[in-house]
Amino acid sequence: MNTDNIWTHKGTFLLAAVGSAVGLGNLWRFPYLVGENGGGAFLIVYAISVFAVGIPILIAEIMLGRNSRRSPIMGMRFLTRCHNASRAWEAIGWLGAISALLILSFYSVISGWALHYLGQMLTGALKAAGPVRLEQEYAALLAAPITMTVYHSLFLGGCGLLVGLGIHRGLENGLRLLMPSLLVILLVVLFYAASVGDMSAAADFLFRFQLSDLSLAGWLAALGQSFFTLSLGMGAIMAYGAYMSGETSLTTTAFTIALVDTSVALLAGLAIFALVFGAGLAPDEGPGLMFVSLPLAFAAMPAGSLVGAIFFVLVLGAAASSAISLIEPVAAYLVERFPLSRAAAVALVVALAWTLGLITVVSFNLWSSQSPFHDLFGRSGFEVIELITYVTLPLGGLLVALFAGWALTRTESMKEMHSREPWLKLWRFLVRFVAPTGVAFVFLRALPYIEGYTLPAVGAAVIVGAVAASRLLGRQRDAPR
Ligand code: PHE
């Protein structure tokens with residue numbers, strides 16, 4: 001075994017996986033989803049799906065990565081050979097790579113907005129600005145394709161540099177510096193929010209259970225969010241798992257990742273809502289929560305520009321540690337498969353994601369109401385990209401769960417998990433039945449987009465799913481054990 005490709009420190013996998021998990025999903029999306037979906041009720045559903053769907057798949061992904069010690073695509077090819085299974089399972093790797101590129105493309109554009117607000121905070125440009133001014137600021141940013149492209153390029157270029165330096169010099173060193181700093185910053189922001197904001201209103205809002213507030217869309221959003229926030233279905237965790245030492249416990253690691261990720265989301269939520277309520281603003285702003293309401297709150301608070309700047313550094317750091325985990329699996333595949341240097345592979349991935357990102361950039365301005373995407377699909381390019389990931393992500397996760405649950409034997413999982421019998425049993429049950437069902441529900445999120453075609457689409461999906469499942473699993477049953 002080539003130890004060049006194993007993390008130098010035992011704890012690095014955890015650091016890297018937490019870095020991947022904690023990102024815009026925690027700081028930007030989680031708070032506004034809770035805000036839109038009735039606070040505490042959303043939280044319960046979210047917690048259940050993290051436990052019943054997220055953690056089992058998280059374990060499965062790390063297991064597949066560590067077992068194959070290869071990038072997701074090559075790793076699945078290797079595992080299907082070892083298990084005499086259908087090569088179709090390689091789809092796990094391909095779907096992951098597609099989702100990773102698509103998500104990276106818009107993730108970088110949105111991170112670019114944070115870069116813009118960091119600049120605004122540093123120069124104090126938004127000091128004492130009112131709601132109208134902040135709405136204008138946000139609208140003006142979205143209306144400026146060149147500015148957005150510059151930010152997008154800076155963000156993606158920076159992340160590319162880090163990955164290009166290699167897993168030890170770039171990723172490992174970068175993460176060991178970045179992650180502890182982010183924790184300190186989060187605590188500073190939380191402390192600030194507690195002293196100048198309205199923490200009890202925030203806690204009341206986040207933890208008030210009102211199950212009736214939760215719609216079906218809320219349930220689906222919670223499921224989807226638990227999936228996205230743990231970085232599942234994209235090969236990110238699998239790629240990092242390939243570098244993980246064989247002795248570390250999968251179960252403890254997976255629970256720690258989920259715990260830290262959820263805590264960060266909650267702490268960030270508390271801080272953000274304390275500031276927003278403290279400034280007398282509404283919690284249900286949607287995606288504008290971080291870019292309009294929060295800067296507005298900072299503008300009204302003492303030393304707001306300084307803490308605002310610190311907050312946006314946190315957002316950028318968290319987003320960068322997630323973005324690099326999207327570059328890594330695809331770049332690692334290119335290096336394994338083609339005679340390419342790591343630098344060249346990373347450059348290629350970054351160039352692809354950058355180009356795709358331009359679609360998101362123009363979706364907010366030049367192509368906001370008329371574009372080839374509108375002609376073909378009746379919606380903007382950004383929405384089309386998002387919609388594709390609504391399908392590829394859960395599909396990847398579904399296949400991971402099925403492969404780990406049904407194709408790997410009990411003994412193999414036992415060997416990887418080093419856990420006690422009852423937990424192994426529970427995990428196998430969750431990953432074979434509960435997680436696939438849960439993930440299947442995530443597909444329903446795509447439904448509002450296909451309104452008129454709903455029935456035929458569901459019918460077709462069921463047929464395709466059944467055929468695919470029987471092919472994948474049927475072959476498997478024939479395999480000698
Ligand atoms: N988990 C990240 C977040 O919450 C998003 C992400 C998904 C990053 C998949 C990498 C891979 O922001």
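Read the figures in this text as sums done on the coordinates, not as results from a lab. Worth saying up front: this structure is predicted, and the values here are computed from it rather than measured. Ideal geometry is used to build each Cβ from the backbone, glycine not excepted, and the neighbour counts take in all protein chains shown.
Points worth noting:
- At R0 = 30 Å, FRET efficiency that the Cβ-Cβ distance of L154 and D375 yields, to 0.05: 0.40
- Within the chain: Cβ-based charge dipole about Cα centre, in debye rounded to nearest 20 (Lys, Arg +1; Asp, Glu -1): 1560 debye
- Peptides 224-230, 82-88, 386-392, ordered by how many other C-beta atoms sit within 10 Å of their residues on average, highest first, read 224-230, 386-392, 82-88.
- Rg/Rg_ref, segment 353-412, where Rg_ref = 2.2 N^0.38 Å and atoms are Cα: 1.69
- A straight Cα-to-Cα reach below 22 Å connects K425 with the lysines K415, residues fewer than 8 places away in its own chain not being considered.
- Tail weight of P(r) past 33 Å, computed on alpha-carbon pairs of the chain, percent: 35 percent
- Peptides 35-42, 176-183, 162-169 ranked from most to least packed give 35-42, 162-169, 176-183, packing being the mean of other C-beta atoms within 10 angstrom over each peptide's residues.
- FRET efficiency estimate (nearest 0.05) - Cβ-Cβ, A203 to N365, R0 51 angstrom: 0.85
- Each residue of segment 24-39 is assigned a 3J(HN,Hα), and the resulting list reads 4, x, 7, 8, 10, 7, 3, x, 6, 5, 4, x, 7, 10, x, x Hz, derived from the Karplus form 6.51 cos²θ - 1.76 cosθ + 1.60 (θ = phi - 60°), x at Gly and Pro.
- Full extension of the segment from H9 to T411, taken as 0.36 nm per residue of separation minus the current Cα-Cα distance, would add 141.9 nm.
- The modelled label-to-label distance between L161 and A143, using points 7 Å beyond Cα along the C-beta direction, is 3.3 nm.
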